[in-house]
Structure formats: C-alpha cells, structure tokens
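Structure record follows, encoded as structure tokens.
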Amino acid sequence: MGAPEFQWRERFRDWNVTVCSSNYELYGDMSARVMAVLRRFAEAVEVYSIDEAFLSLEGMTWAQLEAYAREIRQTVRRWTGIPVGVGVGASKLLAKLANRAAKQKDGVLVLDHDSPAGHDLINEWPARELWGVAGRLAARLADLGILTAGSLRRASRSLIRQRFGVVGERLVLELNGVSCLELEEVEAPRQNLCCSRSFGRPVTELEELRQAVTVHAERAGEKLRGQGLAASAVCVFLLTNRHRPDLPQYNPQAGRELIVPTAFTPELVGECQRILSAIYRPGYRYVKAGVLCLGLVPDEEQQGSLFRQVDPEQEEKQRRLMAAVDALNLWCGRSTVRVATAGFKQSWQMRQRRKSACYSTRLPDVPTARL
C-alpha cells in the first residue's frame with residue numbers, strides 16, 4: 001500500500017474537512033467517496049467545494065470534539081487513503097481558520113475561541129489570510145490599522161458595518177463565535193459548465209483544434225446529461241502562451257445562443273465547430289482550447305421556442321441515443337463511442353507523464369503483491 005498512499009497524498013494533499021459546532025453531488029469518484037464517509041459523522045453536511053465540506057457537530061462539548069475530529073481524520077484516511085485536515089470552530093470562519101492552522105500541526109485543531117490558546121491563535125493570525133478577506137478588503141482594513149484577526153475581532157461593529165457593510169460586520173461576529181452563515185445542505189444549481197485542457201504541445205492547425213473542441217463539447221454534453229441539465233448557449237475559447245511575449249498573442253472567444261436548450265452532443269459539437277471556424281486565425285501557436293456551456297437549465301423544464309418546432313418523437317430518440325452512448329462509454333471506457341471529428345490519434349493531448357494511477361477505478365492499475 002506504500003505506493004498508492006504516496007500517490008494519493010501527492011494528488012489530494014490540499015483536502016480540507018472544516019467542521020463547525022454551531023447550527024448550520026460531487027464530481028469525481030474520490031470526492032464522492034470522501035463525502036460519503038463524512039456523512040457518516042454528521043446529519044448536516046455542506047459540500048463547499050470538490051475538496052472541502054462543512055459538518056455540523058451541534059450538541060457536542062469541546063472535550064468531545066478533539067477525539068471526534070481525530071476519528072474523522074483517521075476514518076477518511078483508512079477508508080480512502082486520503083489525508084485530510086480537520087478544523088473545528090464555533091462558526092464557519094473560525095472553523096476555516098482552524099483548518100488552515102491544523103495543516104501546520106498534525107492535521108487536527110479544535111479552536112475554542114474563548115480559551116487562552118484560541119485567543120493567541122486569533123490574535124496572531126493575519127487578517128489577509130481570513131476566509132472572505134480578499135486583497136482589496138485586506139488593504140482597506142490595513143488602512144484602519146486592522147492587520148490581524150484579533151484586531152478585527154475587537155473592532156467596533158458599528159464602525160466595520162459603516163465602512164464595509166453587513167459582510168464586514170459578519171466577519172466580526174464570526175470571529176467572536178457568533179454563527180452568521182448557515183449550513184447550506186442543498187447545493188445551488190449550476191449556471192455554467194466548462195471543459196478545457198492545455199495541449200501537450202503548441203497547436204497551429206485548424207484540424208487539430210477541431211478535434212480538441214469536439215472532445216471538450218462531447219465531455220460537456222456528458223456532464224450536462226449526468227446532472228440533468230441543458231445549455232442555453234455555448235462558447236468556445238482559444239489561448240496562446242501569455243508567458244511567451246516574444247510570440248504573437250491571440251486569445252479569442254465567441255458564443256452562440258441556442259434556440260432551444262440542449263444536452264444533445266451532436267448539436268453542441270456542431271455549434272462549437274461553427275464558432276471555432278469564425279474565431280480561428282492561422283499563424284498562432286495555441287496552447288489551450290475550451291468549451292463553455294452557459295445558461296444551464298433543468299433538462300425537464302425547458303422553455304420552447306416560437307422559431308423551432310420540437311418533435312417529441314425525435315427528441316425521445318435523441319435522449320435514447322445519448323443514454324446508450326453514455327452507458328457504453330461508462331462500461332467500456334471514455335470515448336469508446338465518439339463523434340468522428342474527435343479523431344483517433346489526438347497527438348495534441350496533454351502528456352500527463354506524472355499522472356497518478358487509478359487505483360480505485362481501473363483493475364490494471366491495482367498494485368500487485370508478490371510473495
């Protein structure tokens with residue numbers, strides 16, 4: 001197990017599990033597995049991002065939280081092989097602060113904001129490193145002499161509200177252990193979706209760009225269908241190497257609004273290819289291409305159009321076709337069934353020479369033990 005644990009540690013070393021003691025579907029197999037483990041430890045869980053979650057541990061005492069936090073960390077590590085950091089606080093902001101500080105210790109920190117140790121940590125923590133304090137806000141706080149979390153905690157609420165509004169006042173309250181941000185157990189509906197990759201080498205030919213855009217459009221359609229969504233518009237973008245100012249730069253992007261929202265791959269590919277033809281210019285070394293799906297709506301709640309007659313029978317055929325394609329690609333491997341313009345050689349693909357093996361999803365990658 002040495003090799004798999006090393007690979008997972010390298011790939012997921014920034015995982016966070018941030019726990020709040022007050023009241024308050026992921027993408028990727030490993031994310032889903034970790035979140036499933038976390039849900040065993042709390043009834044209320046907010047999946048904040050692909051590698052971070054908030055858990056409500058209401059009702060537990062500070063004495064109980066230390067052992068419970070370590071049990072969370074150990075269980076996730078034992079069941080998934082991923083080392084996580086666990087920070088516990090009376091509010092989301094304090095839990096985030098504890099999580100950041102836990103990475104400098106042994107991965108677990110319970111932050112009692114009223115204890116001497118809690119006071120010391122908050123007093124020394126830079127204000128600019130607080131969750132929700134961006135560069136501009138940090139500069140404005142510095143103008144008032146507020147350079148640490150402790151000075152912000154002691155600041156006048158009325159002054160902070162006057163200068164920074166209710167968002168700034170919430171920061172003060174959260175640092176004092178007053179929870180202002182409720183746990184959001186229902187994930188907000190997605191508005192946009194992006195599929196893009198850097199090329200393994202600079203690309204200059206339109207044909208190779210067509211292949212890349214087709215692959216990204218196919219992947220976008222697959223993601224849309226998996227989430228029960230449809231796109232109202234699509235956008236294609238190309239990038240040259242901005243780190244090479246000695247080379248000509250050209251970073252175009254353009255979009256098209258769809259008459260009827262769709263997740264039908266051939267239609268998405270067709271629209272993206274038309275956009276690519278319009279924005280492509282020869283003579284440039286492109287290093288990245290991508291497809292954006294915008295204005296996402298539930299697939300079952302689409303609004304029709306006066307300019308396009310929808311054939312229910314044809315629409316059902318498209319759904320069944322995409323369901324069959326997705327099923328084949330799921331069981332036989334991604335891109336087993338693909339649009340012809342995606343090509344087969346695809347020499348432009350990322351090199352991925354240091355990519356971790358898929359120990360949990362591909363049998364050939366499972367380590368072999370020999371006696």
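Before moving on, here are some points about what is shown:
- Evaluating GLU71 against the criteria (1) in contact with a Gly (Cβ under 9 Å, 6 or more places away or on another chain); (2) in a helix (DSSP H, G or I) leaves one unmet condition, (1).
Condition check ((1) touching a strand residue (DSSP E or B) at 6+ places or on another chain (Cβ under 8 Å); (2) outside the structural domain of LEU38 (by TED's automatic domain parsing); (3) at pLDDT 90 or above) across all residues:
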site: ILE82; (1), (2), (3): no, no, no
site: SER91; (1), (2), (3): yes, no, yes
site: LYS96; (1), (2), (3): yes, no, yes
site: GLN104; (1), (2), (3): no, no, no
site: VAL110; (1), (2), (3): yes, no, yes
site: HIS119; (1), (2), (3): no, no, yes
site: PRO126; (1), (2), (3): yes, no, yes
site: GLU129; (1), (2), (3): no, no, yes
site: LEU159; (1), (2), (3): no, no, yes
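- When every residue of the range 246-264 is checked against the conditions, at least one turns out to be of a type in the set (Val, Ile, Thr), buried (at least 19 other Cβ atoms within 10 Å of the Cβ), closer than 30 Å to GLN314 by Cβ and in the same structural domain as ASP326 (by TED's automatic domain parsing).
- Count of the range 331-371 residues, restricted to those that are in contact with a helix residue (DSSP H, G or I) (Cβ under 7 Å, 6 or more places away or on another chain) and either of a type outside the set (Gly, Ala, Ser) or at negative phi (or both), is 15.
- Some residue of the range 196-211 being surrounded by fewer than 16 Cβ atoms within 10 Å (Cβ to Cβ), over 21 Å from GLN352 (Cα atoms) and among the basic types (Lys, Arg): no
- Any hit, the range 259-282, residues being more than 14 Å from ARG210 (Cβ to Cβ) and touching a Pro at 6+ places or on another chain (Cβ under 8 Å): yes
- Every residue from the range 329-371 that is of a type in the set (Gly, Ala, Ser) and outside any loop (DSSP other than H, G, I, E, B): ALA340, ALA342
- Of all residues making up the range 36-49, the number that are assigned to a loop (DSSP other than H, G, I, E, B) and surrounded by 15 or more Cβ atoms within 10 Å (Cβ to Cβ): 3
- Exactly one residue among VAL84, VAL133 is more than 30 Å from ALA36 (Cα to Cα), surrounded by 16 or more Cβ atoms within 10 Å (Cβ to Cβ) and among the β-branched types (Val, Ile, Thr), and that residue is VAL133.
The values are calculated or read from the model by the stated rules, or taken from the named source; none is laboratory data. Note that this is a predicted model, so its numbers are computed, not measured. Reconstructed Cβ throughout: ideal geometry from the backbone, glycine too, with neighbour counts over all protein chains shown.
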